[in-house]
């Protein structure tokens, strides 16, 4: 079945430094899945950060970017300069037709930005 | 602003007891979902619904029932709670079908502890 892997459970970065959160995926569909990043801020529900449905394209939101790399089956999340308010849990996810388009989530990465 | 609200936000139950987690959405979305989140795991789909009167099994439905009496409400029922069901539960709603299924709106989560 489909799967999403986030290798880092926790990441700590100093404010104004760059960030990369790794995400790789495996999808059984012969087509290309849709890829997502969701974020959960403290005390809130998950919310969609960005979405990319076309291989090779880049999505961006709130200073974050992620590129759909079908060769590497990766969808890493990057930001050039993080802020303390970016501290949250970040989830990579995919959906594809073999799974009736239901979301499959990675295990999440807790980002802590130090002032 | 789209809204999904869950109740209760925190619940302590005894083994063998019945637990009902409720979810209400004001988005007028057809699709609703129940996930659970455990440390080291991504969100895992328990049950979902395509509309009032319908419920479907997700990836981990054993030990859970679901009820969708109306467009707005979707409940998760644990008839005989067990300690292994201690978790954080998230409800979500979504309007999309097919390619747009992955764009979901989440509640803040319900923390359940079964002693």
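If you scale each eigenvalue of the Cα gyration tensor by 5 and take the root, what three semi-axes come out for the range A:47-115, rounded to whole angstrom and sorted largest first?
Details: eigenvalues 111, 42, 19 Å².
Listed largest to smallest, the semi-axes of the range A:47-115 are 24, 14, 10 Å.
Give the relative contact order (percent, whole number) for chain A; include only Cα pairs under 8 Å separated by 6+ residues. Don't skip to the answer; put the middle values down first.
Details: 292 pairs, mean separation 42.3, N = 115.
Once divided by the residue count of chain A, the mean separation gives 37 percent.
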For each of B:29, B:47, count neighbouring Cβ atoms within 10 Å of the residue's Cβ, then give the residues from fewest to most. B:29, B:47
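Subtract the Cα-Cα distance of residue A:70 and residue A:55 from 0.36 nm times their separation in residues, and report this length gain in nm to one decimal. Before the final figure, lay out the partial values.
Numbers: separation 15, 0.36 × 15 = 5.40 nm, distance 0.59 nm.
Stretched out fully, the residue A:70 to residue A:55 stretch lengthens by 4.8 nm.
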Above 25 Å lies some portion of the pair distances; for chain A, what is it as a whole percent of all C-alpha pairs? 18
Based on Cα coordinates alone, diagonalise the gyration tensor for the protein assembly as shown, multiply each eigenvalue by 5, take square roots, and list the semi-axes in whole Å, largest first. 29, 21, 16
Using DSSP, restrict attention to beta bridges with both residues in chain A and report what percent are antiparallel, rounded to the nearest 5. 85
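Could you tell me the convex hull volume per residue, in Å³, taken over the Cα atoms of the range B:1-104?
Numbers: hull volume 10.7 nm³, N = 104.
Normalising the Cα hull of the range B:1-104 by residue number yields 103 Å³.
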Label-point gap, in nm, between residue A:48 and residue B:15 - each point 7 angstrom along Cα→Cβ: 4.2
Return the distance in nm (one decimal) between the two label points of a simple spin-label model at residue B:80 and residue A:3, each offset 7 Å from Cα along Cα→Cβ. 3.2
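So how do B:46, A:30, B:60 line up by other beta-carbon neighbours within 10 Å, fewest first?
Values: B:46 23, A:30 8, B:60 14.
Least to most surrounded, the residues fall as A:30, B:60, B:46.
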Return B:64, A:90 ranked ascending by Cβ neighbour count within 10 Å, so the fewest neighbours appear first. B:64, A:90
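Taken together, the values in this text are just the output of simple stated rules run on the coordinates, not laboratory data. Quick caveat: nothing in here was measured; it's all calculated off a predicted structure. Backbone-built Cβ (ideal geometry, glycine too); neighbour counts: all protein chains shown.
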